[in-house]
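What follows draws every value from the coordinates through simple rules; no lab data is involved. On a predicted model such as this, the values are computed, not experimentally measured, just so you know. Note that we place each Cβ from the backbone using ideal geometry, even for glycine, and neighbour counts take in every protein chain shown.
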Amino acid sequence: MSGKSQWIEHEYFRTYRIATRVEAICLNPVNYLRELEALFLEDGILAFVPSWQKDTALHRIIRYVADDFFAEDTSGPVCVPWGPDPVHPQWILPVDLALHLYGLVEEPEFFIPEERELIRGEDGILRQRTPTWVEDACYEHHQDMMLTQIYEDLLTRIAEEVFFVMFLNRRALEGLNRHLAGRLQDVDPGYLAEEDEEAARLFSGAGELKRVRPPVWAKRAVFYRERGRCASCRTDLSGLIDTFPDANYDHMAPLAKGGLNDLTNLQLLCGRCNLKKSDKSVVSSNRYRRWY
Ligand SMILES: [Zn+2]
């Protein structure tokens, strides 16, 4: 946790809306192949390959979806009111509201122009603008925004919040990891470009990553999510009752089938369930303890 606060101040900006889209992608990735295309262009899957990145596979998908929403806002465009006067507000895009909410800017820099505005041509004559000029202006604003650090920071903050909500959803995480595993299986490290040499070294063979033991922070995150119990049969693995708990940190999408060394691909299993599973495809459970 070096240098990073262990606390998240949630703004809940679109958290559930983004989570809903991400969940749909995780459970039915085949329905979203077109939407996901840009993410996996030119060996984009290699970004997911390094072991135990704190910026997990789920964080990446969330940022991608959040960015997509902001891009979608520019068509229409989606306007949110801004300013002290509720009767005559200025209008801004959701992205500028989000930047303000997260304390990344004080004031929005871009206001959605009023449609009836006229433009003075070089000849000095006022003319109507093209029918889509407001949308075009919003789109350009988003394009410029995408290149800025504050926008990256915004997506990072949103990803942290959505991750917090979704990390409990083992079924969705398993779906995501199976999909990514399917993509990884198509990668032959022997055929990767020179600049991907580092990624190639992480493979044990075609379509398979080397096993790297999960670090303590990843184990702890999974252990606390499962409340110290086997995710399948609920056996207590906390070590409070049993002196020799047989806790196994299992790759839901197995390495042998292209699974990633990623936090979102882990679950806690007892020895018996882990043996039963071995490399066969056993789905994770969606069973949780009640809060009270
Ligand atoms: Zn078990």
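For the chain, the longest principal axis of the Cα atoms and the long axis of helix 57-73 meet at an angle of about 20 degrees. Here the Gaussian network model covers the chain, with springs between Cα atoms less than 10 Å apart; of D136, D196, D85, D85 fluctuates the most.
When +1 charges are put on Lys and Arg Cβ atoms and -1 charges on Asp and Glu Cβ atoms, the dipole computed for the stretch 1-166 relative to its Cα centre reaches about 520 debye. Other residues whose C-beta falls under 11 angstrom from the C-beta of E152 contribute a net charge of 0, scoring Lys and Arg +1 and Asp and Glu -1.
In this label model, A137 and R213 are separated by 6.0 nm, measuring between points 7 Å along each Cα→Cβ vector. Only one residue of Y16, N169, Q185 has its Cα farthest out toward the positive end of the dipole of the chain, where Lys and Arg carry +1 and Asp and Glu -1 on Cβ, and that residue is N169.
For the pairs K54/K257; K4/K257; K54/K276; K210/K276, flag any whose C-alpha to C-alpha distance is greater than 24 Å. From K54/K257; K4/K257; K54/K276; K210/K276, over 24 Å: K4/K257; K54/K276. In summary, the aspartates and glutamates within cross-link reach of K277, defined as a Cα separation below 19 angstrom excluding same-chain residues under 8 places away, comprise E174, E208, E226, D236, D246, D250, D262. When the chain is fully extended, how far beyond the present Cα-Cα distance does F244 get from K276, taking 0.36 nm per residue of separation? Here the answer is 9.6 nm. Ordering 238-244, 19-25, 145-151 by mean Cβ neighbour count within 10 Å, with the highest value first, yields 19-25, 145-151, 238-244. Applying 0.36 nm per residue to the separation of S51 and N31 and subtracting their alpha-carbon distance, the gain on full extension is 4.4 nm.
In this rough spin-label picture, where each label sits 7 Å from Cα along the Cβ direction, the D196-Y12 distance is 4.2 nm.
Between W291 and E106, the contour length at 0.36 nm per residue exceeds the Cα-Cα span by 62.8 nm. Remark: the chain carries a charge dipole of roughly 2620 debye about the Cα centre, counting +1 on each Lys and Arg Cβ and -1 on each Asp and Glu Cβ. Shown in residue order for the stretch 44-51 are the 3J(HN,Hα) couplings computed by the Karplus curve 6.51 cos²θ - 1.76 cosθ + 1.60 at θ = phi - 60°: x, 4, 5, 5, 8, 6, x, 6 Hz (x for Gly and Pro).
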